[in-house]
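Here the structure comes first, spelled out in structure tokens, and everything after it is commentary.
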Amino acid sequence: MATYKLLNTSFNSIGQVAYQLELDSTESVILSYATSQSQEALDAKCDEIVAEKTAEAEKQAKIDKAIAEALWTDDERANLG
């Protein structure tokens, strides 16, 4: 399990504890809970989010590759070797 940097902790408009965590250098996420959470619980949720994003990116890459291959010309297919 990775440890994610806690950027901010606040209370949202409905009284929940809102945590802003850095997923990577370009993206953060806000997680809201009715009660305070441990760093381990926050890290576990962030791991889930990152795993879902990675799986979605891999799925999209397969789709993009299939579309690109479907649009290949006969010459491109002949020169795959």
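What follows is calculated from the coordinates using simple rules that are stated; it is not laboratory data. Model, not experiment: these values are computed from the prediction. Cβ sites come from the backbone with ideal geometry, for glycine too, and all protein chains shown count toward neighbours.
Numbers below:
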read-out	value
Chain lengthening between residue 73 and residue 52 when straightened (0.36 nm per residue, less Cα-Cα)	4.1 nm
The chain: Cα Rg divided by the 2.2 N^0.38 Å rule of thumb	1.73
Gain in span if fully extended, residue 6 to residue 66, counting 0.36 nm per residue against the direct Cα distance	17.7 nm
Rounded to 10°, Cα long-axis angle of helix 39-70 versus longest principal axis of the chain	20
Net charge dipole size for the chain [Lys, Arg +1 and Asp, Glu -1 on Cβ; Debye, nearest 20]	300
Relative packing of peptides 40-51, 11-22, 65-76 - highest average C-beta neighbours within 10 Å first	40-51, 11-22, 65-76
